[in-house]
Amino acid sequence: MSLKSEFRRGGAMVRIFPWLKTIDKVLSACAPPSRIEENMFVGSDFGGYHKGSRFLVFGYLVCGRGMAPWNSLRTSVRDAFLGDGRRISFKRLNNSYTRDALEPFLQATDALHGKLVCFMVDKRLFPLNKAAKGGPLLASLKGKWSDKGFDDAFMKALLFSAVSAKWLRPNSNVSWVTDQDPFIANENYHDDMLSLSARLCALSSQKPIRQFALVSTEDDLHDRMFEDFVAIPDLAVGMLAELGTSLRDETNWQTLGNLIPHSKELQEKTSTIMDWFWSYSPFLEKTCIVIDKAPEGIRAFRLDRFQ
């Protein structure tokens with residue numbers, strides 16, 4: 001049976017991943033991004049793969065038209081602090097140039113009309129079963145995927161589709177821009193993910209897509225616009241990954257406010273990004289959704305604030 005037939009018979013993905021309903025409810029509570037008409041741009045980054053982290057973190061920045069004001073501001077930040085063309089990312093905040101640029105760079109994001117949605121996914125949800133990965137779809141893959149590698153890539157595509165499909169307009173052009181990630185490391189991997197992501201997005205939204213593109217920052221122009229666009233979810237993902245690592249195994253999310261590590265345990269850059277992530281922005285709404293494994297089963301909920 002095809003993946004499409006499964007969806008038409010009642011939504012196979014929702015049956016396998018019931019927490020997708022919660023994600024839909026959380027995103028429904030967000031105001032639709034303005035200026036998303038015929039074109040949707042999604043930037044992504046991922047983290048939490050280091051040993052000791054309890055969560056994988058997936059970040060997606062969704063925008064449409066109206067990036068010109070942000071582009072002007074981020075260019076000014078580059079001219080003032082990053083004139084040598086260096087990248088800004090969570091891992092690269094280890095020198096005075098990028099550290100000085102961090103707050104102005106974050107402030108510039110207030111000019112973006114869009115949504116930044118991050119997911120903290122409990123690692124105990126892996127490995128995924130074959131039914132969860134589309135069953136017959138596995139036979140059509142070009143790449144030589146390991147089980148672990150495809151689990152990770154499938155989750156990236158699934159969460160991408162959950163976010164983008166929510167605000168997709170019919171007959172839109174969708175461009176997914178991601179870092180130079182292993183899940184598109186070669187042509188076969190790229191083609192597999194392009195096909196899978198486009199199908200999941202169209203099926204989740206039940207809307208036709210005119211054109212779908214999956215590109216990496218390797219295709220960036222000389223002005224580093226792609227890299228700076230992807231740097232926004234990168235910074236949020238790095239912050240959330242560190243917070244997830246800091247949480248003790250016995251942490252109960254209902255009493256998280258009593259167990260959050262003292263600020264001195266967090267790096268200064270993490271505290272700065274945390275304040276930005278949970279601050280109000282007139283145009284860029286930022287949301288974190290936790291998907292974890294509790295004694296009563298898998299659950300998903302919006303994380304409103306670490307405090």
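The values are calculated or read from the model by the stated rules, or taken from the named source; none is laboratory data. It should be emphasised that the depicted structure is a prediction, and the values quoted were computed from it without experimental measurement. Virtual Cβ from ideal backbone geometry, glycine too; neighbours counted across all protein chains shown.
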- Message: Filter the range 12-60 down to the residues that are in contact with a His (Cβ under 9 Å, 6 or more places away or on another chain) and farther than 17 Å from residue 115 by Cα and list them by number.
- Response: none
- Message: If a residue must be without any contact (Cβ under 8 Å) to a residue 40 or more places away in the chain and under 28 Å from residue 90 (Cα atoms), how many such residues does the range 188-212 contain?
- Response: 2
- Item | Subset of the range 77-102 that is touching a residue at least 60 places away in the same chain (Cβ under 8 Å), over 18 Å from residue 42 (Cα atoms) and within 21 Å of the chain's Cα centre (by Cα) - its residue that is surrounded by the fewest Cβ atoms within 10 Å (Cβ to Cβ) | 91
- Query: Which residue, of 74, 65, is among the basic types (Lys, Arg) and buried (at least 19 other Cβ atoms within 10 Å of the Cβ)?
  - Reply: 74
- Query: From 286, 269, 207, 264, which residue is surrounded by fewer than 17 Cβ atoms within 10 Å (Cβ to Cβ), charged (D, E, K, R) and either in contact with a Leu (Cβ under 6 Å, 6 or more places away or on another chain) or at pLDDT 90 or above (or both)?
  - Reply: 207
- Note on the structure: Selection from the range 24-63 of residues touching a residue at least 24 places away in the same chain (Cβ under 8 Å), closer than 19 Å to residue 303 by Cβ and among the basic types (Lys, Arg) yields 54
